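Worksheet: the structure to be examined is printed underneath.
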Amino acid sequence: QVQLVESGGGLVQAGDSLRLSCAASGRTFSSYTVGWFRQAPGKEREFVATISRSGDSTYYAESVKGRFTISRDNAKNTAFLQMNSLKPEDTAVYYCAADSRGLQVLAYEYDYWGQGTQVTVSS
């Protein structure tokens with residue numbers, strides 16, 4: 001198993017940047033694909049980005065492509081989500097997730113989840 005803890009959320013203004021972190025403990029972090037998802041009030045959890053075990057492959061939702069960057073540091077057991085040019089519609093609780101298979105975009109395919117971190121973007 002792997003345990004995940006997100007951090008780095010906060011309240012920012014439109015156009016600002018935030019960097020979310022996902023710290024992992026437990027089994028070897030590099031054995032897992034990592035995904036970021038978000039859930040706004042009253043909405044379903046939606047895919048944001050995913051990164052392969054080695055970090056050489058990434059995939060993004062169209063809504064964040066060009067603004068968000070997912071990365072990982074396997075030596076530090078941590079994944080990141082750099083969020084630039086934030087918009088009010090990016091407001092949500094952001095979750096990181098891990099899966100032992102390849103790149104996944106559906107939430108139900110991920111086995112392990114963090115508790116989430118709130119990101120609020122004011123206009």
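The values are calculated or read from the model by the stated rules, or taken from the named source; none is laboratory data. Please read all numbers here as calculations on a predicted model, not as lab measurements. Glycine gets a Cβ as well: all are built from the backbone with ideal geometry, and neighbour counts include every protein chain shown. With ligands, DNA and RNA removed, areas are computed over all heavy atoms of the protein, side chains included. Shrake-Rupley method; radii C 1.70, N 1.55, O 1.52, S 1.80 Å.
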Test for S85: is it among the small types (G, A, S) and open to solvent by less than 50 Å² (accessible area, probe 1.4 Å): no
For region 19-30, check the following and say yes or no: at least one residue is modelled with pLDDT under 95, outside any helix (DSSP H, G or I), among the hydrophobic types (A, V, I, L, M, F, W, C) and more than 25 Å from S123 (Cα to Cα). no
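For every residue, the table says whether it meets (1) on the phi > 0 side of the Ramachandran plot; (2) in contact with a strand residue (DSSP E or B) (Cβ under 8 Å, 6 or more places away or on another chain); (3) of a type in the set (F, W, Y).
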| site | (1), (2), (3) |
| --- | --- |
| G55 | yes, yes, no |
| E62 | no, no, no |
| R72 | no, yes, no |
| A79 | no, yes, no |
| K87 | no, yes, no |
| Y110 | no, yes, yes |
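So is Y94 out of contact with any helix residue (DSSP H, G or I) (no Cβ under 8 Å at 6 or more places or on another chain) and either open to solvent by 50 Å² or more (accessible area, probe 1.4 Å) or not in a strand (DSSP E or B) (or both) or not?
no
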Looking at (1) farther than 17 Å from V121 by Cβ; (2) at pLDDT 95 or above, which is the one condition that is false for V105? (2)
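With V34, V12, V64, V48 as the choices, which residue is outside any strand (DSSP E or B) and either open to solvent by less than 20 Å² (accessible area, probe 1.4 Å) or under 19 Å from S123 (Cα atoms) (or both)?
Checking each option against the conditions leaves just V64.
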